[in-house]
Amino acid sequence: MTGNYVNAKKSLGQHFLKDQNIARKIVSALTPCHALQVLEVGPGMGILTRFLMEMPGVTLKVIEIDPESIHFLKANFPGIDPSIIQDNFLTADITGLFTGSFALIGNFPYNISSQIFFKIIGNRDWIPEVVGMVQKEVAERICHGPGSKTYGILSVLLQAFYRIEYLFTVGESVFNPPPKVKSAVIRLTRNETEHLECDEALFFRVVKTAFNQRRKMLGNSLKSLGYRVPEEFASLRAEQLSVAQFVSLTAMLGRQTS
């Protein structure tokens, strides 16, 4: 590493954004009411961090697993040292980082973006808003509704608890090194659903099992769970069900054991 550069590591899925205008646009997508406390995931060389630190009244923390990036941040961002958490976001306990809830932001590494969203779902009561850049294909999958071929597990689980907006597409040339795919920035805002009207653990199992065999009708794909699928759902496939229908189906299955 030189004094002003971090070597992108393929093992960490690093593609560093280099366009300041796009960085500013990503940070400005945070809603002021949610951005009083902000956790940035994988700051890298700090292109988002710079604009986050300029936001008035914001308490910022950054979580980074790469020692080289941490060294760079400490050398180039005076005063940031106490805000740096050297840890793996996927395994870190993030619930005690702030007093109360916090917004999440980041240029998410593409090789773990789905895992990041599953972590967000598990900590949804702490995270009212997420602004993230991901692979365009993943963004579309998260945003699409029933009937789409890209509608899947993440679509249902995230839409159950968040309103999702596709904000804008980002081309390959603004990264170093350039990824082989386009990227997109999305915003997730926690909806009013505190609890689903069904057994939530069973809901997760039903959704995952149904989409893992998405070509099969639900009457067959859900057999492994040991439930009898109600007739109104048995001949449908996973991609045909809305979030509300998955909740209704799960509630019906749950009543079979009560």
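Once the Cβ-Cβ distance of Tyr166 and Ala92 is raised to the sixth power relative to R0 = 41 Å, the FRET efficiency obtained is 0.90.
Computed extension gain for Gln245 through Ile121, at 0.36 nm per residue and net of the alpha carbon distance, reaches 42.7 nm. Applying 1/(1 + (r/R0)^6) with r as the Cβ-Cβ distance of Glu194 and Glu137 and R0 = 35 angstrom yields a FRET efficiency of 0.65.
Bridge orientation summary for the chain: considering DSSP beta bridges with both residues in this region, about 50 percent are antiparallel. Within the range 49-112, the ratio Rg/Rh, alpha carbon atoms throughout and Rh by Kirkwood, equals 0.93. Note on the range 128-258: along the principal axes its Cα atoms extend 54, 31, 20 Å, ordered by decreasing extent. Amide H contacts for Gln14 (H built 1.01 Å from N in the peptide plane; partners 5 or more residues away or on another chain; cut-off under 5 Å): Lys9. Coupling constants for the range 5-17 follow from the phi torsions by the Karplus curve (6.51 cos²θ - 1.76 cosθ + 1.60, θ = phi - 60°), and in residue order they are 7, 10, 6, 5, 10, 4, 5, 9, x, 7, 9, 7, 5 Hz; glycine and proline get x. The orientation-averaged shadow of the Cα convex hull for the range 1-133, equal to a quarter of the hull surface, comes to 7.5 nm².
Place a +1 charge on the Cβ of each Lys and Arg in the range 158-258 and a -1 charge on the Cβ of each Asp and Glu, then give the dipole magnitude about the Cα centre in debye, rounded to the nearest 20.
Numbers: 14 positive and 10 negative charges, 101 e Å.
Here the range 158-258 has a charge dipole of around 480 debye.
Of Lys18/Lys180; Lys18/Lys119; Lys180/Lys208; Lys18/Lys136; Lys10/Lys182; Lys119/Lys180, which ones are farther than 23 Å apart at the Cα? Check vs 23 Å cut-off fails for Lys18/Lys119; Lys180/Lys208; Lys119/Lys180. Peptides 174-180, 209-215, 185-191 ranked from most to least packed, by the mean per-residue count of other Cβ atoms within 10 Å: 185-191, 209-215, 174-180. Converting phi to 3J(HN,Hα) with the Karplus coefficients 6.51, -1.76 and 1.60 and the offset θ = phi - 60°, the range 168-185 yields 6, 9, 10, x, 6, 6, 8, 10, 9, x, x, x, 8, 9, 6, 10, 8, 10 Hz in sequence order, with x at every glycine or proline. Here's the list of aspartates and glutamates a cross-link from Lys149 could span, going by alpha-carbon distance under 13 Å and ignoring same-chain residues fewer than 8 apart: Glu137, Glu140, Glu239. Eigenvalues of the alpha-carbon gyration tensor of the chain, scaled by 5 and square-rooted, set the equivalent ellipsoid semi-axes at 37, 19, 15 angstrom, largest first.
Where a number appears in this text, it was derived from the coordinates with a stated rule and is not lab data. The model shown is predicted, which means the values in this text are computed figures rather than measured ones. Note: ideal-geometry Cβ built from the backbone for every residue, glycine included; neighbour counts use all protein chains shown.
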